[in-house]
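Data first, discussion second: the structure below is written as structure tokens.
None of the figures in this text is laboratory data; all of them are computed from the coordinates on show. Keep in mind that this is a model prediction, so the values were computed, not measured. Counting neighbours? That spans all protein chains shown, and the Cβs are built from the backbone with ideal geometry, glycine included.
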Amino acid sequence: MPSVSAHVALTLAHHVDHVFGIMGNGNAYFLDALLEHTSARFTAVRHEAGGVVAADAFHRAGGGLAAATATYGAGFTNTLTALAEAVQAKVPLVLVVGDEPTSGPRSWDVDQIALAAAVGARTYTVGRMDAAATTVIAVEHALTYRVPTVLAIPYDVAALEAGEVPAVAEPSLPGPLVVPGPFAEAAVAGLAELLAGARRPFLLAGRGAWLAGAGEALGELADATGALTASTALGRGVFPDQWHDLGVTGGFGAEGAMELVREADVAVVLGASLNQFTMRFGELFAPGTRVVQVDVAPTASHAHVSGFVRGDAAEVARALVRALRERGATPSGWRESVDVAAARQQEPGDELAPDGRLDPRSAAQRIGELLPEDRVVVSDGGHFIGWANMYWPVASPDRLMMVGTAFQSIGLGFPSVPGAAMAKPDATVVLTTGDGGGLMALADLESAVRVAAGRGVAVVWNDAAYGAEVHVYGRKGLAQESMRIPEVDFAALAGAVGAQGVVVQTLADLDVLGEWAARPANERPFLLLDLRISGAVVAPYQHEIIRVSR
């Protein structure tokens, strides 16, 4: 007779096909049922945070809803940073965990419901009579509100017989936000009028526009207005026409491109939250620019927004195109008058910095030239985060994910690789990480190598420091001993778990990447490039942070 845990596993398997995590006392029966009686795949990681990170990356890479699992107590508390990141990044997933018995906590139990709530995740606890229905509710909540949910199985309930798994209703999910009525129509008409009269229109799209499936509609809107376009870091590639696209905005953007953005007289922002990094700490737009935001959020998210239209990015973009056509509006011609390719050029750097170590700019540019075009880039957090965003083009927003940046965490890079690899099984997964974050995530180096195998590359920007802290606090005169890391041989660490590790000290050393890319994926190992870079080269976005931190 199926157990309570089996009810959870079999019901969950109707909605997810991948589960990531670690087995323990609290989830043993759940995993047994999942592996023996469902078609869902389980991928083991080596740290509980890694299970949540992998499920997060799986979703961001377009794999749909995924689940993570961990045991109770210490297993659960190990997931909290990754859980907080998923909450902040609005990533739906289901975390299945063991929990204290219904009779009360033991000495090793903690208040898991309170801890989950503290980082913004709701907990649903299953019982003997309602396990299947509660599982569906957890799935529905995650998908409706785009947040992780915790599905808790009390220890003394996990193995209880619960009868046959009942049929339960499918999750009820909302459709695109369409705000009908005269006020919404007037807002769209007003924005269309503004765009029709713009001489230098500009469209900025974020991850929200991608999630809304707005790419084609945004392309039509750009053509109808003659607008230059750009995206946030998480929206890269959302516009179908790259000829008139300025790339990423904010500190990752090319200086020439950002100067063009400041020339815009009308800017429409679709599906982007306009955080401080995208906005270059308030300096993205010129004071005279009319900025209108389109978002499903109830209100505008930045003080520089002068107009707001609430709605789904795709729906509003299509409505604007219709309104412009009805007006007989013609494209502005601005985008044909500027050299977009020249504006997008980044500083190439030198081969070596004055200290004799690699210049990360030239290394990043060369890596971008050698990487396979089918790449999916997963990024840890740290000073190095700009190099991939500045020098490695990606085809669409689901081919770049920065797990950790929403919560400002480092150390979530290596476990992102298995999630992305399972979501995009035919792509080359490329991790960009620092030495500090890489060491923090080292438990899942083995997971990355095992799962991605010959489709995986890790680029470690090894400056023997927590670079961001050195550039901000070291410049203020604070003691730097706590900011420095003894140089670690990541190439040797990679070799210990079956990867090919290469120490890179010159651009010529990167030829190994081209040789690796030319081989069939099933005939090559995971490749880790240990880049010995200079800590003296400061990323442009870091200069912005330094400026506002004075």
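Once the convex hull of the alpha carbons of the range 493-545 is built, what does its volume come to per residue, in cubic angstrom?
Given the Cα convex hull of the range 493-545, per-residue volume reads 123 Å³.
Which far-off residues, 5 or more places away or on another chain, put their amide H under 5 Å from the one on HIS383, with H placed in the peptide plane?
Residues meeting the amide H criterion: GLY467, ALA468.
Among VAL188, ALA319, LEU95, whose Cα sits farthest toward the positive end of the charge dipole of the chain (+1 at Cβ of Lys/Arg, -1 at Cβ of Asp/Glu, about the Cα centre)?
Result: VAL188.
With charges only on Cβ, +1 for K and R and -1 for D and E, what is the dipole size of the chain about its Cα centre, in debye, rounded to 20?
Dipole magnitude for the chain comes out near 940 debye.
Given HIS471, SER39, GLY288, which one lies farthest toward the positive end of the charge dipole of the chain, if we put +1 on the Cβ of every Lys and Arg and -1 on the Cβ of every Asp and Glu?
The one lying farthest along the dipole's positive direction is GLY288.
Taking amide H atoms as placed 1.01 Å from N in the peptide plane, list the residues 5 or more away in sequence, or in a different chain, whose amide H sits under 5 Å from that of ARG375.
THR428
Within 10 Å of each residue's Cβ, count the other Cβ atoms and sort THR144, THR232, THR79, THR125 from fewest upward.
THR144, THR125, THR232, THR79
Two decimals is fine: what is log10 I(q)/I(0) at q = 0.18 Å⁻¹ for the range 202-265, from a Debye sum with one equal scatterer on every Cα and no solvent?
Each listed q maps to, in turn, -0.56.
With a/c under 1.5 counting as rounded, go ahead and sort the chain into rounded, prolate or oblate using the C-alpha gyration tensor (a ≥ b ≥ c being the square roots of the eigenvalues; past the cut-off, prolate if a/b is larger than b/c, else oblate).
Cα axes put the chain in the oblate bin.
Determine the relative contact order of the range 395-550: mean sequence separation of Cα pairs under 8 Å and six or more apart, normalised by residue count, in whole percent.
23
Compute the FRET efficiency between ALA114 and ASP426 as 1/(1 + (r/R0)^6), taking r as their Cβ-Cβ distance and R0 = 35 Å, and round to the nearest 0.05.
Given R0 = 35 Å and the Cβ-Cβ separation, E is 0.25.
As a test of the definition: which semi-axes, in Å, follow for the range 4-154 when you take the square root of five times each eigenvalue of its alpha carbon gyration tensor? Largest first, please.
So the equivalent ellipsoid measures 19, 18, 15 Å along its semi-axes.
Going by how many other beta carbons lie within 10 Å of each one, how would you line up LYS90, LYS476, fewest first?
LYS476, LYS90
Apply the Debye scattering formula to the range 116-191, with a single equal point scatterer on each alpha-carbon and no solvent, then give log10 I(q)/I(0) at q = 0.12 Å⁻¹.
-0.51
Got a sec to turn the phi values of the range 341-352 into Karplus ³J(HN,Hα) couplings, 6.51 cos²θ - 1.76 cosθ + 1.60 with θ = phi - 60°, whole Hz, x for Gly and Pro?
For the range 341-352, the Karplus-derived couplings read 4, 5, 5, 7, 5, 9, 4, x, x, 10, 5, 10 Hz, x marking Gly and Pro.
Using only alpha carbon pairs under 8 Å that are at least six residues apart, calculate the relative contact order of the chain and give it in whole percent.
Relative contact order for the chain comes out at 13 percent.
I need the shape label for the range 404-550. Rule: rounded when a/c is under 1.5, else prolate if a/b > b/c, else oblate, with a, b, c from the alpha carbon gyration tensor.
Prolate, since a/c reaches 1.5 and a/b exceeds b/c.
Most exposed first by the Cβ proxy, i.e. fewest other Cβ within 10 Å, how do ASP312, ASP111 rank?
ASP111, ASP312
³J(HN,Hα) across the range 278-287 via Karplus (A = 6.51, B = -1.76, C = 1.60, θ = phi - 60°), whole Hz, x for Gly/Pro?
4, 7, 6, 6, x, 10, 5, 9, 6, x
Taking amide H positions as placed 1.01 Å from N in the peptide plane, with prolines and chain starts having none, which residues 5 or more places from LEU352, or on another chain, fall under 5 Å of its amide H?
Sorted by chain and number, the residues that satisfy this are ASP359.
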